[in-house]
Amino acid sequence: MNKLFKLGLGLVIVAGLASCKAKQSEYQNVYQAAQEARAENNNTAVVSNPSTYPVITTPSNNYGDEKVRVEKVSVVNQADAAGLRAYSVVVASLAVKPGAEALKAKLEAEGNRVILVQNEQGMYRVIMASFDDKGSAVEKRNEIRSTYEAKGATDYLRRTYGIPFDDLWILQRQY
């Protein structure tokens, strides 16, 4: 009788656990949290889907064919507000603030002026230069790319800075 009771209790527990199915959104939340934790621990860039941001082309000097992403952003540190202009060179997009701040500190230690902003979706943009005109931003982006490509391969850059410096882009600030 005791064995039969234990067997019955075991079946009830198994049936109860089998009927508890988690929703897909719960899995997605756990996955996102794990991604953010991994990025925070490794200080790696989280690559966002570029198709979610509007890309426009505006003619300006000889840089009319250069694409920019238009976003409404706000500075993380108010002391950087005066340095943020209409066109900025973004070197990294990170989902977690500590990772973005660590990258900013590392780049500033090398003598760069870095601005940290956050867009409306909560992504942190690490900006290495900001200008009033698109042409200057494009030239600086190309200069930054050349400088960091000369330091080593993307694997070295990723180990040193947490980003490979191969996806630099121009942000046009929306007011």
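The values are calculated or read from the model by the stated rules, or taken from the named source; none is laboratory data. All values reported here derive from a predicted model rather than from experimental measurement. Every residue, glycine among them, receives a Cβ derived from its backbone with ideal geometry; neighbour counts consider all protein chains shown.
Quick notes
- In segment 160-175, the residues that are over 12 Å from V70 (Cβ atoms) reach residues that are in a loop (DSSP other than H, G, I, E, B) with C-beta atoms within less than 7 angstrom, at least six apart or across chains, in these pairs: G162/N43; G162/T44; G162/A45; I163/A45.
- Meets criteria (at pLDDT below 95 and surrounded by 16 or more Cβ atoms within 10 Å (Cβ to Cβ)) for N62: no
- Residues that are surrounded by 16 or more Cβ atoms within 10 Å (Cβ to Cβ) and modelled with pLDDT of 95 or more within segment 70-85 comprise E71, V73, V75, V76, L84, R85, listed in sequence order.
- Selection status of I170, in a strand (DSSP E or B) and not polar (S, T, N, Q): yes
- Cβ-Cβ under 6 Å pairs, at least 6 apart or on other chains, segment 81-97 side under 12 Å from I144 (Cα atoms), far side in a strand (DSSP E or B): V89/M128; V89/A129; V90/R125; V90/I127; V90/W169; V90/L171; V91/V126; V91/M128
- Yes/no for S93 being over 12 Å from the mean Cα position of the chain (by Cα) and among the hydroxyl-bearing types (S, T, Y): no
- Neighbours by Cβ (under 9 Å, 6+ apart or cross-chain): first from segment 130-149, more than 13 Å from Q172 (Cα to Cα); second part of a helix (DSSP H, G or I) and among the β-branched types (V, I, T): none
- Condition met for G122 (crowded, with 22+ Cβ neighbours inside 10 Å, out of contact with any strand residue (DSSP E or B) (no Cβ under 7 Å at 6 or more places or on another chain) and either at pLDDT below 95 or of a type outside the set (F, W, Y) (or both)): no
- Residue within segment 93-101 that is closer than 16 Å to W169 by Cβ, out of contact with any Gly (no Cβ under 9 Å at 6 or more places or on another chain) and outside any helix (DSSP H, G or I) present: yes
- When segment 157-175 is limited to residues that are closer than 15 Å to K106 by Cα and not hydrophobic (A, V, I, L, M, F, W, C), the one that is surrounded by the most Cβ atoms within 10 Å (Cβ to Cβ) turns out to be Y161.
- Annotation note: of V70, V96, V75, the sole residue that is among the aliphatic types (A, V, I, L, M), assigned by TED's automatic domain parsing to the domain that holds T147 and touching a Pro at 6+ places or on another chain (Cβ under 6 Å) is V70.
- Qualifying residue in segment 133-146 (condition: loosely packed, with under 13 Cβ neighbours inside 10 Å, modelled with pLDDT of 95 or more and under 19 Å from A81 (Cβ atoms)): no
Conditions (1) in a helix (DSSP H, G or I); (2) in contact with a Pro (Cβ under 7 Å, 6 or more places away or on another chain); (3) not small (G, A, S), marked per residue:
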residue	(1), (2), (3)
A81	yes, no, no
K106	yes, no, yes
V138	yes, no, yes
S146	yes, no, no
E149	yes, no, yes
D166	no, no, yes
